[in-house]
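First the structure, which I've put down as structure tokens, then a few questions once you've had a look.
The values are calculated or read from the model by the stated rules, or taken from the named source; none is laboratory data. Fair warning: this is a prediction, and the values are worked out from it, not measured in the lab. Ideal geometry is used to build each Cβ from the backbone, glycine not excepted, and the neighbour counts take in all protein chains shown. Remember, those area values only see protein heavy atoms, side chains included, never the ligands or the DNA or RNA. Shrake-Rupley method; radii C 1.70, N 1.55, O 1.52, S 1.80 Å.
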Amino acid sequence: MNRLYRCFPLALGASLLLGAAEPKPLAFAPWINGTAANEPETQVQAIDADTFVIRQSVKTNFEAPFLYLLFGRDRALLLDTGAGGLKIRPTVDRLVADWRARHGGRAIRLVVAHSHGHGDHHAGDDEFRDRPDTDVVGLTPSEVAAFFRFADWPQGVARFDLGGRVLDLLATPGHQPAHIMVYDGRTRLLFSGDMLYPGRLYVPLNHFDDFRSSAERLAAFAGTHPIRALLGAHIEMTTAPGKDYPMEAPVHADEHGLALAPSAIEELRAAVVKAGPVPAIDRHADFIVYPVPARPND
């Protein structure tokens, strides 16, 4: 068996697609973290009957990313395909098959998109290129903007309807030029990729102004939308405030929780404004703003 499948807090038979139920408190069982000798390659936890989190084992790749699968009536969105070192499609196909079985065999199209274009988020794309009823979104800003119909990238917000479940997409370049965040108004969750998560927020110095502008737009969006929590693409922080793991750590003992409070948005905005024209590493309890040398081609 290559996965651990744990579902809560909502029984999987009770789909949210037909109603706007009040989101339940967000809680996760402990994530796989490299400490167990028999750790599976992937772990799945359900936020509700239509929203799934997939974690890739640190034993398959030190990035240990988180992927997200969101179902509507007509389409499902897979956000990221992992860092490689395993086959990710079998886990996704199983979740899709289970969802379809609970909905009378209903056909559903899979949209494979990405929080951004770094390799640890699209290594599994080739597994999906020949999958029936599947769209794989490109990796450049122009491809992302075209697919999701951004009117004025990176300004504004694109809306993407899965069928009775409309997502808001924010263009948030800085960490990487094609970076986006996905807001789900039904669950009030913001899937924040590598821009804001419990870890080192890498920002190339030549893109720091873009990152700062994205933080401002994000804060403005948060001011008009209720956000329950942010769910990012990695965990690199420990439970000790401000303490991260060593680079490429093979084990994540005492790992920080996945979710960040909405207050982290304003904390990040204030931090990048304060950084000024010569940014330096800025350590916070739940994340670290981490400038890196310029990346002219990224």
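Check the straight Cα-Cα distances from LYS274 and name the aspartates and glutamates below 20 Å, setting aside those fewer than 8 residues away within the same chain.
Leaving aside aspartates and glutamates fewer than 8 places away in the same chain, those within reach of LYS274 are ASP209, ASP210, GLU216, GLU266, ASP282, ASP286.
Considering only C-alpha atoms, what is the centroid distance from the range 232-246 to the range 67-124, in Å?
Cα centroid to Cα centroid, the span is 26 Å.
At 7 Å along the Cα-to-beta-carbon direction for both ALA151 and ASP133, put a label point, then send me their distance in nm to one decimal.
3.3 nm
Leaving ligands, DNA and RNA out of it, work out the accessible area of GLU248 with a 1.4 Å probe and give it in Å² to the nearest 10.
Its accessible surface works out to 120 Å², give or take rounding.
Please list, or write none, the aspartates and glutamates whose alpha carbon is within less than 14 Å of the alpha carbon of LYS87, excluding same-chain residues fewer than 8 places away.
GLU41, ASP120, ASP125, ASP126, GLU127
Using the heavy atoms of the protein chains alone and a 1.4 angstrom probe, what is the accessible area of the range 139-298 per residue in square angstrom?
Solvent-accessible surface per residue comes out at 41 Å².
Would you please put 121-131, 97-107, 190-200 in order of how densely packed they are, using the mean number of other Cβ atoms within 10 angstrom per residue and starting with the highest?
Result, highest mean first: 190-200, 121-131, 97-107.
Using a probe of 1.4 angstrom, how much of the accessible area of the range 34-149 is carbon and sulfur, in percent?
46 percent
Let me check against my output: what whole-number percent is the relative contact order of the chain, with C-alpha pairs under 8 Å and at least 6 apart?
Dividing the mean separation by the residue count of the chain yields 14 percent.
Please compute the modelled spin-label separation between ILE281 and SER142, points set 7 Å along Cα→Cβ, answer in nm with one decimal.
Once both label points are built, they end up 3.8 nm from each other.
For the range 21-109, just the Cα set please: Rg and Dmax, both in angstrom.
13.9, 40
Let me ask something else about it. Please quote Rg/Rh for the range 86-137 to two decimal places, taking the Kirkwood radius as Rh and restricting both calculations to Cα atoms.
The Rg/Rh ratio comes out at 1.00.
Please give the calculated 222 nm ellipticity per residue for the chain, where each DSSP H segment of at least 4 residues contributes -39500 (n - 2.57) and the sum is spread over every residue; nearest 500 deg cm²/dmol?
Roughly -5500 deg cm²/dmol at 222 nm, from the helical runs in the chain.
Taking the Cβ-Cβ separation of LYS274 and VAL251 as r and a Förster radius of 35 Å, what is the calculated FRET efficiency to the nearest 0.05?
0.55
Could you please put ARG217, ARG149, ARG73 in sequence from largest to smallest accessible area, using a 1.4 Å probe?
These residues rank, largest area first, as ARG149, ARG73, ARG217.
If DNA, RNA and ligands are ignored and the probe is 1.4 Å, what is the ranking of THR60, THR224 by accessible area, most exposed first?
Most to least solvent-accessible, the answer reads THR224, THR60.
Moving on. Return the distance in nm (one decimal) between the two label points of a simple spin-label model at THR239 and ASN297, each offset 7 Å from Cα along Cα→Cβ.
Label-label distance for THR239 and ASN297, simple model: 4.3 nm.
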